[in-house]
Every structure is written in C-alpha cells, then in structure tokens.
Amino acid sequence: MIRFGVLGAGRIGQVHAKTIATVSGAHFAALAEPVDAVAKQVKAEFGCDLRSIDEIAASDDIDAVVICTPTDTHADLIEQFCRAGKAVFCEKPIDLNLARVRACLDVVTDVGGTLMLGFQRRFDPDFNALKDAIDAGQIGEVEMVTLTSRDPGAPPLDYIDRSGGIFRDMTIHDFDVARWLLPEEVDAVFATASVLTDPAIGDHGDFDSANVVMRTASGAQCTITNTRRAAYGYDQRIEVHGSKGSVSAQNTHKANVVIADANGYHQPPLLDFFMTRYTAAYANEIEAFVRAVTNKTPPPTTGLDGLRALAMAEAALLSVKEKREVAMSEILG
C-alpha cells in the first residue's frame, strides 16, 4: 500500500484526491492545503489528516506525494520531497524556466528520486487504443499527426498570470502527445497565436488562440490547434495519418448515442472540461505511478518528458515573437 500526501486541493488536487481514494494499492493519508475551509471539506470527504508541507515531508507514514500547488512552487517541492525520500508525482510543468527545470532534475538524479509528471492524456483509454494501433503497424509509418485541443472557456486572469501562458500551460499537453505519437523527436517548430476571445487575456500578456506546426528530422509532421473558447464543449481529438492508412480518436460525449429524427441527427453534448473528460486517464496515471513506486521501476512519464515539452513551448513562443520557424537545437542547445 502506497501512502499518499496531497499538496494542494484546488481543482486538480481534488481530482487526484478522489482518484487516490479509489485506486487499489493507494491510501490518501494526508493533505496540505492553506485554505482552511477547503482543507476541512476534503478531510470530511476522505478522512485524511491535515498537515503542513514540512510535516508531510518529515512523516514516516507517507511514501509518496502528489504536487498540485501553483507552478512556481513545483521545482522546490520536488527537490524537498525527493531529498526526504518520498516518491513524487507532480502536475506539469516543473517550472517555467528551462534552466530551473534542469537544475531540479539534477537533484532528482543525484538523490536517486522517483519523479512522474502529470501528462494524463497518455493514459486516456481511447488515446491508448489509438497508440496501440500505431504500434501494431496498422497504419504503417506515421507521417502526419493532427491534434485538436479546445477548451470551453479561459481560466481566470490571475491564473493566467502564474501559468506561463497558453503554450506552457495548455499546449504543453499537446506537445507531450506529439512526442508520444511521432516516430522521432521534433526538430523544428513554427507557431502563430492571437487574442480572439477576450482582449483582457492579451492585456495580461497571453494569447487565447494558437496553431503550431512541427517537423521531425525525417519530415514527419504534427499540427496542433488550440483555443480557449469552444462554445460546444471540451474538444479533444486526434488523427494520425500513416503510409497504410489513418487512425483517429473522436470526442467524448455525455452519452455515446445518436438520435435521428425529422430534423436530422443529434448527439448529447460533449463533456464539459478536463475533470470529467479525463476521469479514467487520471485514475490510470495514478495506478501507473503506484505500480512504478511499488515495483521500483521508472515511471512512464518522467521529468525529461516535462523538460522536452517545455522546450517545445519555448520554441513556439519564440516562433510567435520572431515570426519564423525555430529549430529545437536553438532552445535545447
């Protein structure tokens, strides 16, 4: 049984708390949450202890932690808990600065720590079935990947101020999926971005609409389309085209039925956001983390995956700024 401490009980923290409480081999032992009312609510629901972050780090009855605190705290907390001998699951990104990420990963390596990054889309059942078809050779060699990721609405402006912007916060998931599906690492990135949904987002130095085109050394391509406004729900689709065919994963609706009548064909609406769309993926990734900690094996999504995805975000930002294609070697050195 892996005994968990959860750091932070915001939206994603509560998703992970519910998952840990239901996953076999996991026990939700303690929570660190500065908002007293939220902490008491989670304690009442799950029966966990309430402790400070330092108390959880020093606790002998904690084997692993899930870090769901603001991004600018991640790197310090990863280092603290790896040094304390705890396995660490951390929401992306590790930090908004590549040099700080590298320094953090050096600490993880030096102390022999276990670190898994929260890229839950790799654990979605439909996306896994798509990946299995590719790996089985059913579509031949992968040539083109198309990723559509559209949020139903923008986050609060104070969140945007701390998130690092659309590429580091939203598109970073698509960058990770692109790496997962493409036959080799991305070699070059071209991006364009605009403010189309809310001028206030631009006033806070961010974009709300973006497209990215990436290419590998052999010429395989990936296109990503993002927006912070999809009036019809949470739009999450993948299509992969190969030398022998294609495979796609379509949107998830509240019910998988289609009604046909005199007015045409109708489906229930899409699931509303990531908390409901990726419920199974969140459970699967925590199960994978529990297996890795239990069996003392490397986790399936690592700090290096986080570094590479953040580097792709940096390349996209530079591309938008300078209106040109950016080689990944410019970012990674």
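The table that follows gives values for the structure above.
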| read-out | value |
| --- | --- |
| From D95, D63, residue being crowded, with 23+ Cβ neighbours inside 10 Å and not aliphatic (A, V, I, L, M) | D95 |
| Any chance A154 is within 18 Å of the chain's Cα centre (by Cα), among the small types (G, A, S) and crowded, with 21+ Cβ neighbours inside 10 Å | no |
| Single residue of the stretch 288-310 satisfying the filter (among the polar types (S, T, N, Q) and assigned to a loop (DSSP other than H, G, I, E, B)) that is farthest from A231 (Cα to Cα) | T297 |
| Segments classed as helices (runs of 4 or more DSSP H), wholly inside the stretch 150-216, with at least 2 members that are under 26 Å from F123 (Cα atoms) | 157-163, 166-169, 171-181 |
| Whichever residue in the stretch 183-216 is hydrophobic (A, V, I, L, M, F, W, C) and surrounded by fewer than 21 Cβ atoms within 10 Å (Cβ to Cβ) and, among such residues, is nearest to L304 (Cα to Cα) | A188 |
| Residue count for the stretch 9-54, restricted to those that are within 24 Å of L117 (Cα to Cα) and in a loop (DSSP other than H, G, I, E, B) | 10 |
| Test: residue in the stretch 101-112 that is under 30 Å from V195 (Cα atoms) and out of contact with any strand residue (DSSP E or B) (no Cβ under 8 Å at 6 or more places or on another chain) | yes |
| Restricting the stretch 253-280 to residues that are among the hydrophobic types (A, V, I, L, M, F, W, C) and over 22 Å from A230 (Cα atoms), the residue that is surrounded by the most Cβ atoms within 10 Å (Cβ to Cβ) | A280 |
| So D72, is it among the acidic types (D, E) and under 19 Å from D174 (Cα atoms) | no |
| Tabulated pairs, the stretch 258-273, first polar (S, T, N, Q), second surrounded by 13 or more Cβ atoms within 10 Å (Cβ to Cβ), C-beta under 7 angstrom, 6+ apart or interchain | Q267/H253 |
| Cβ pairs under 9 Å, 6+ apart, first in the stretch 313-330 and more than 14 Å from V213 (Cβ to Cβ) and surrounded by 13 or more Cβ atoms within 10 Å (Cβ to Cβ), second among the polar types (S, T, N, Q) and at pLDDT 95 or above | A313/T171 |
| Qualifying residue in the stretch 220-235 (condition: over 19 Å from the mean Cα position of the chain (by Cα), over 21 Å from Q250 (Cβ atoms) and not in a strand (DSSP E or B)) | yes |
| Positions within the stretch 101-126 being over 14 Å from the mean Cα position of the chain (by Cα), over 10 Å from L307 (Cα atoms) and part of a helix (DSSP H, G or I), in sequence order | A103, C104, D106, V107, V108, T109, D110, P125, D126 |
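Here is a yes/no grid of residues against (1) assigned to a helix (DSSP H, G or I); (2) under 25 Å from S163 (Cα atoms); (3) not β-branched (V, I, T):
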| site | (1), (2), (3) |
| --- | --- |
| R237 | no, yes, yes |
| I286 | yes, yes, no |
| M312 | yes, yes, yes |
| K321 | yes, yes, yes |
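Residues checked against (1) of a type outside the set (D, E); (2) farther than 22 Å from M275 by Cα; (3) in contact with a Lys or Arg (Cβ under 7 Å, 6 or more places away or on another chain); (4) in the same structural domain as H204 (by TED's automatic domain parsing):
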position: D126; (1), (2), (3), (4): no, no, no, yes
position: L130; (1), (2), (3), (4): yes, no, no, yes
position: I134; (1), (2), (3), (4): yes, yes, no, yes
position: P155; (1), (2), (3), (4): yes, no, no, yes
position: R179; (1), (2), (3), (4): yes, yes, yes, yes
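The values are calculated or read from the model by the stated rules, or taken from the named source; none is laboratory data. As the structure is a prediction and not an experimental result, all values here were calculated from the model. Neighbour counts run over all protein chains shown; Cβ positions are idealised from the backbone, glycine included.
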